[in-house]
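Read the structure below first, then the notes.
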Amino acid sequence: MKKLNRLIPVLLLKNDLVYKTIKFKNPKYIGDPINTVKIFNEKGADEIIILDTLVSRNKKEPNYNLLKNILSECFMPVCYGGGISNIDISKKIFDLGVEKISIKTALLNNNYKNIINDIAKIYGSQAIVACIDIKKNFFGKYFIISNDLKIKYKLDIINFINSLIDTGVGEILLQFVDNDGVMNGQDLNFIRYISESISVPLVSLGGIGSNDNIKMSINYGADAVAAGSFFVFNGPHNAVLISYKNILDME
Amino acid sequence: MKIAIINQKGNIRSIVNMLLKCGAESYITDNPDDIIKVDKVILPGVGSFDYAMNFLKKKKLDIALNEFVSNKNNILLGICLGMQILFEGSEEGIENGLGLVKGKIVKFQSENINFKIPHMGWNFVEKTSSKSLFNLKNQRYYFAHSYYANLDNQDNISYQTEYINKFPSIVENNNIIGFQFHPEKSHNFGKQILNQFVNL
């Protein structure tokens, strides 16, 4: 049975503009989100992930109006993350025409099961993505880390992910913070380790720099591969140029 | 002629936009009286079976949709969960479905670690009935579901898709149609099939 693996551009929003970071730092301006998403739509991207990086940190709500404008010309599946702290915010986001919402900060609160339950009951598990940011410590062991890189969580990653899945999460977006923007490939063994331990699709993010990187991550068990820099930079000096081609479809 | 879209949860806005690209006007409603005025109704939906059915019952849309399809010139299209609630029931919940197509919604069972649930992503459709109203070749669509339809009458399956097992991706029972995938999120492939629907 042939499986079509998804290749997903990720856009990071900061103050309503698209940026790209390296290891979550040094944001570089990419462009206007409406135009950027429009280009990915025209290029027939499998799906798109839009992550607003500052909303949760500033304890604000998402910019609904901006999202509405982004989505009006978007005929591909959209996953949005950023500032989703309760069911009311989720409802507003889904009503705009988003398929999936990605939750991160709210998962690391004590009452994380409530929000997953609330969303799953109304919208179904396929609509909830858990974004897990992981970073290696000095001894090379992964831990889950907060958005601002300040809080390290002492959680067993597999147990935590499986508790999210049991509660109703339908997809895992695993982000390798150390690989963010480095464009040198992903941690393949860790992809295999996670993929073999979970029952829902795994999307791996962070580190993609080439078609070979994408193929390897898929071979090691990622259900879909997501990337930022790979789709927005071009050439040795990282000039901004939006491109998209799913090489996985052509084989 | 305008198309009515039932105001279920989900990508309603995307359906309106895609229909506009196909040259069709549509409006979103949860008022049973509005359904009588049109000859095409789209029943969208993401989410859980019981939540969707309870919503339809509360708004008396279940009765309205039954009356709507009793006129054979009218066409009802269910999308994703909207297709699943056309059936009699689901393993996902305890509520009865609309019962417009005979069969039950069942959950995928995967024993292969490479095939995760939900079935999330793009997949092809393969024609299984020559009577289908749709003519699709090498088309692929976006799927996002953990459950699929198990039909009593295999003749009602017009296209099938393979993921873990073969399952119906398009069902047709006379003037009742169901798409398991999301045409409104399937780029030009989705536009083409909605175009065919608009011109039925």
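The values are calculated or read from the model by the stated rules, or taken from the named source; none is laboratory data. Keep in mind the model is a prediction, meaning the values are calculated, not measured. Cβ atoms come from the backbone with ideal geometry, glycine included; neighbour counts cover every protein chain shown. The area values use the complete protein model at the heavy-atom level, side chains included, leaving out ligands, DNA and RNA. Shrake-Rupley method; radii C 1.70, N 1.55, O 1.52, S 1.80 Å.
Below are the figures for this structure:
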item	result
Relative contact order (percent, whole number), chain A, Cα cutoff 8 Å, 6+ residue spacing	19 percent
Local electrostatic count, B:L194, Cβ distance below 9 Å [Lys/Arg +1, Asp/Glu -1]	+1
Total accessible surface hidden between A and B, rounded to 100 Å², 1.4 Å probe	3100 Å²
Net dipole in debye of chain A [+1 Lys, Arg Cβ; -1 Asp, Glu Cβ; about Cα centre; nearest 20]	620 debye
Virtual spin-label span in nm between A:N117 and B:S110, 7 Å along Cα→Cβ	2.6 nm
Listed residue (A:N179, A:A222, A:I122) projecting farthest to the positive dipole end of the stretch A:6-250, Cβ model	A:N179
Percent of beta bridges antiparallel (DSSP, the stretch B:3-198, rounded to nearest 5)	60 percent
Rg to Rh quotient for the stretch A:1-124, alpha carbon positions, Kirkwood Rh	0.97
Relative contact order of chain B, defined on C-alpha pairs under 8 angstrom at six or more residues apart (%)	20 percent
Within the stretch B:29-97, trypsin sites (Lys or Arg not before Pro) in DSSP loop having at most 14 other beta-carbon neighbours inside 10 Å	B:K37, B:K60, B:K72
Beta bridge orientation in chain A: antiparallel %, DSSP, nearest 5	30 percent
Mean ellipticity per residue at 222 nm, deg cm²/dmol - from DSSP H runs of n ≥ 4 across the protein assembly as shown, formula -39500 (n - 2.57)	-7500 deg cm²/dmol
Rg/Rg_ref, the stretch B:3-198, where Rg_ref = 2.2 N^0.38 Å and atoms are Cα	0.94
Environment charge at B:L151 (Cβ cut-off 14 Å; Lys +1, Arg +1, Asp -1, Glu -1)	-1
log₁₀ of I(q)/I(0) at q = 0.09, 0.10, 0.19, 0.24 Å⁻¹ - the stretch A:52-167, Debye sum with one point per alpha carbon	-0.26, -0.31, -1.03, -1.43
Largest-first ordering by accessible area, 1.4 Å probe, given options B:R140, A:R57, A:R6	A:R57, B:R140, A:R6
Within the stretch A:1-85, percent of DSSP bridges classed antiparallel, to nearest 5	45 percent
Estimated distance in nm for a label pair at A:N86 and B:S70, the labels positioned 7 Å out from Cα along Cα-to-Cβ	4.5 nm
R0 of 51 Å, Cβ-Cβ distance B:E126-A:N110: FRET efficiency to nearest 0.05	0.60
Per-residue mean of C-beta atoms belonging to partner chains within 10 Å, peptide A:85-97	2
Sum of side-chain charges, A:K152 neighbourhood, beta-carbon under 13 Å (Lys, Arg +1; Asp, Glu -1)	+3
For chain A: accessible area per residue (Å², 1.4 Å)	42 Å²
Estimated inter-spin distance, A:K3 and A:S199, nm [label 7 Å along Cα→Cβ]	1.6 nm
Cα centre as origin, Lys/Arg/Asp/Glu Cβ charges: the stretch B:3-198 dipole, Debye	480 debye
